[in-house]
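J.: Next up is a structure, given as structure tokens.
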């Protein structure tokens, strides 16, 4: 079989699949209230700039209810993404994301009562980048202290005690004071997980999925058109939703042997055999 014939067969089969968002609307409605969101950029040969997959991962159910392809992570693009959840009549209580102002504003616009949890890893990486610790040792001791504070969930007493100790040791440096002030400014977004049992403080769960996609890009290299990208991502996401989990650990161990769609499908609904 020639590569071109194999390509035509793949396109034909991908076109048979229902759009992911429409599939969710028709068959699924049992979502948890914690949504982890991110954007994954990819190359399109026919475009002068990269496009991005905007998607959300249901933290406790491990399903992917909504995806959209956009030219960038603009406010308009994220607003369109979150608008699908209103169509699904699903309103997340907590959205976990990186420090993207467009994403946060769009989430608050769509869900006025939602809590925004800034990913600790992305927040720390932003501090590292501003301090230049990867190429300069000047602020490495300070950064190490910050990483200890933002390593895991802490009580107010422990958190404030550690931050005050850092303040006393680095009060002579305006750069360090600026970082500490910014941490205080973001306190409500760094502590948004509180009140939600077992809520995450990082977006690691969807970053792992981004890595899976990235590993497939090595052979794909790029998509010829945006339409081809939409077909491929739609097929990839649906296949992921219909694949049984095999290596879930800890609090997610009970998901092994189940599929994402099994956790969110409507009661007494028979799912179609897409794969």
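Readers should treat all values here as calculations from the given coordinates under stated rules, not as data from a laboratory. Computed from a predicted structure; not experimentally measured. Note: ideal-geometry Cβ built from the backbone for every residue, glycine included; neighbour counts use all protein chains shown.
J.: Could you line up 215, 74 from fewest to most neighbouring Cβ atoms inside 10 Å? Numbers along the way, then the final one.
T.: Values: 215 9, 74 14.
The most exposed by this proxy come first: 215, 74.
J.: Next question, about the same structure. Using only alpha carbon pairs under 8 Å that are at least six residues apart, calculate the relative contact order of the chain and give it in whole percent. It would help to have the intermediate numbers written out before the result.
T.: Working: 356 pairs, mean separation 65.4, N = 275.
RCO, the chain: 24 percent.
J.: What translational diffusion coefficient, to the nearest whole µm²/s, does region 1-123 have by Stokes-Einstein, given a Kirkwood radius computed over alpha-carbon pairs, a temperature of 25 °C and 0.890 mPa s viscosity? Numbers along the way, then the final one.
T.: Values: Rh = 15.8 Å.
Calculated translational D: 155 µm²/s.
J.: Could you give the length gained by full extension between residue 86 and residue 210, i.e. 0.36 nm per residue of separation minus their alpha carbon distance, to one decimal place? Present the calculation step by step, with values, prior to reporting the outcome.
T.: Values: separation 124, 0.36 × 124 = 44.64 nm, distance 2.51 nm.
Full-extension gain reported as 42.1 nm.
J.: How big is the antiparallel share of DSSP beta bridges in the chain, given as a percent to the nearest 5? Write down the numbers at each step before the final one.
T.: Numbers: 13 of 22 bridges.
Antiparallel: roughly 60 percent of the beta bridges in the chain.
J.: Kirkwood hydrodynamic radius (Cα pairs, Å) of region 120-190? Walk me through the intermediate numbers first.
T.: Numbers: mean 1/r = 0.0807 Å⁻¹.
Answer for region 120-190: a Kirkwood hydrodynamic radius of 12.4 Å.
J.: At a 10 Å Cβ-Cβ cut-off, how would you order 176, 10, 119, fewest neighbours first? Present the calculation step by step, with values, prior to reporting the outcome.
T.: Working: 176 20, 10 13, 119 24.
If I rank by nearby Cβ atoms, fewest first, I get 10, 176, 119.
J.: Given R₀ = 35 Å, what would the calculated FRET efficiency be for residue 101 paired with residue 227, taking r from the Cβ atoms and rounding to 0.05? Present the calculation step by step, with values, prior to reporting the outcome.
T.: Numbers: r = 30 Å, r/R0 = 0.86.
According to the calculation, E is roughly 0.70.
J.: While we're on this one: For the chain, what is the per residue volume of the convex hull drawn over the alpha-carbon atoms, in cubic angstrom? Each step should come with its number before you reach the end.
T.: Numbers: hull volume 44.4 nm³, N = 275.
Hull volume normalised by residue count: 161 Å³.
J.: Also, quick follow-up: Considering the convex hull of the alpha carbon atoms of region 135-243, report its projected area averaged over all viewing directions, in nm², one decimal. Don't skip to the answer; put the middle values down first.
T.: Working: hull surface 44.7 nm².
Approximately 11.2 nm², given one-decimal rounding.
J.: Using a Förster radius of 51 Å, what is the FRET efficiency between residue 130 and residue 13 based on their Cβ-Cβ separation? Nearest 0.05, please. Provide the component values of the computation, followed by the final result.
T.: Details: r = 47 Å, r/R0 = 0.92.
Computed FRET efficiency for residue 130 and residue 13: 0.60.
J.: What do you get for Rg/Rh of region 51-128 when both radii come from the Cα atoms and Rh is the Kirkwood radius? Intermediate values should be presented prior to the final figure.
T.: On the way: Rg = 12.4 Å, Rh = 13.0 Å.
Dividing the radius of gyration by the Kirkwood radius yields 0.95.
J.: Compute the distance in nm between two label points, each set 7 Å from the Cα along the Cα-to-Cβ direction, one at residue 196 and one at residue 184.
T.: Rounded to a tenth, the inter-label distance reads 2.7 nm.
J.: Where does each of 22, 267, 207 land when they are ranked from fewest to most other beta-carbon atoms within 10 angstrom?
T.: Numbers: 22 11, 267 6, 207 17.
The fewest-first ordering by Cβ neighbours comes to 267, 22, 207.
J.: Counting only C-alpha contacts under 8 Å and six or more residues apart, can you give the relative contact order of region 120-190 as a whole percent?
T.: Numbers: 27 pairs, mean separation 18.9, N = 71.
Worked out over region 120-190, it gives 27 percent.
J.: Moving on to the next point. Please give, to one decimal in nm, the separation of the simple spin-label points placed at residue 274 and residue 167, each 7 Å out from Cα toward the Cβ.
T.: Once both label points are built, they end up 5.1 nm from each other.
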